[in-house]
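Data first, discussion second: the structure below is written as structure tokens.
The values are calculated or read from the model by the stated rules, or taken from the named source; none is laboratory data. On a predicted model such as this, the values are computed, not experimentally measured, just so you know. Note: ideal-geometry Cβ built from the backbone for every residue, glycine included; neighbour counts use all protein chains shown. Side chains included, ligands, DNA and RNA excluded: accessible areas come from the protein's heavy atoms. Shrake-Rupley method; radii C 1.70, N 1.55, O 1.52, S 1.80 Å.
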Amino acid sequence: MTKQDFLVQLQRELNSRIGSQNAASFVEYYQEYIEIELRKGRSIEEIMEKLGSPGLIARSITEVFRRKEQKASKGRKQEKFIARMKSLAGGMYRKVFEKAGKWFAQL
């Protein structure tokens with residue numbers, strides 16, 4: 001497999017899994033990695049053998065990417081929940097203080 005074939009296949013796989021914007025940085029990383037290894041004197045065949053299947057790489061990247069997305073989403077949901085609880089608690093305390101104020105005013 002040529003460098004270009006590898007990168008094109010990786011790009012296609014990632015585009016279909018995580019979208020082209022997210023895929024771009026990963027493809028760029030592998031492009032730089034290949035270029036660095038070539039400069040070290042390794043053959044393209046050695047590099048491709050070491051890297052393995054672009055499809056497998058794309059699946060691995062997708063798995064990690066989705067886990068991070070889920071974790072971030074969970075964090076946002078928790079933040080919204082906490083904000084809502086604080087809002088509700090603030091409202092409840094306001095009502096308690098209003099009732100207490102009325103009760104003390106009657107004394």
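Residue-level check: of (1) modelled with pLDDT of 95 or more; (2) open to solvent by less than 70 Å² (accessible area, probe 1.4 Å), E46 misses just (2).
Within this structure, V64 fails the test of being in a helix (DSSP H, G or I), modelled with pLDDT under 65 and either more than 30 Å from R12 (Cβ to Cβ) or open to solvent by less than 100 Å² (accessible area, probe 1.4 Å) (or both). The set of residues in region 36-58 that are free of Cβ contacts under 8 Å to residues at least 12 places away in the same chain and closer than 18 Å to R12 by Cα comprises G52, S53, L56. Is it the case, given these coordinates, that I36 is part of a helix (DSSP H, G or I), out of contact with any helix residue (DSSP H, G or I) (no Cβ under 7 Å at 6 or more places or on another chain), open to solvent by 50 Å² or more (accessible area, probe 1.4 Å) and modelled with pLDDT of 70 or more? Yes, satisfied. Have a look at F6, F81 and point out the one that is at pLDDT below 95, surrounded by 10 or more Cβ atoms within 10 Å (Cβ to Cβ) and assigned to a helix (DSSP H, G or I). Every option except F81 fails the conditions.
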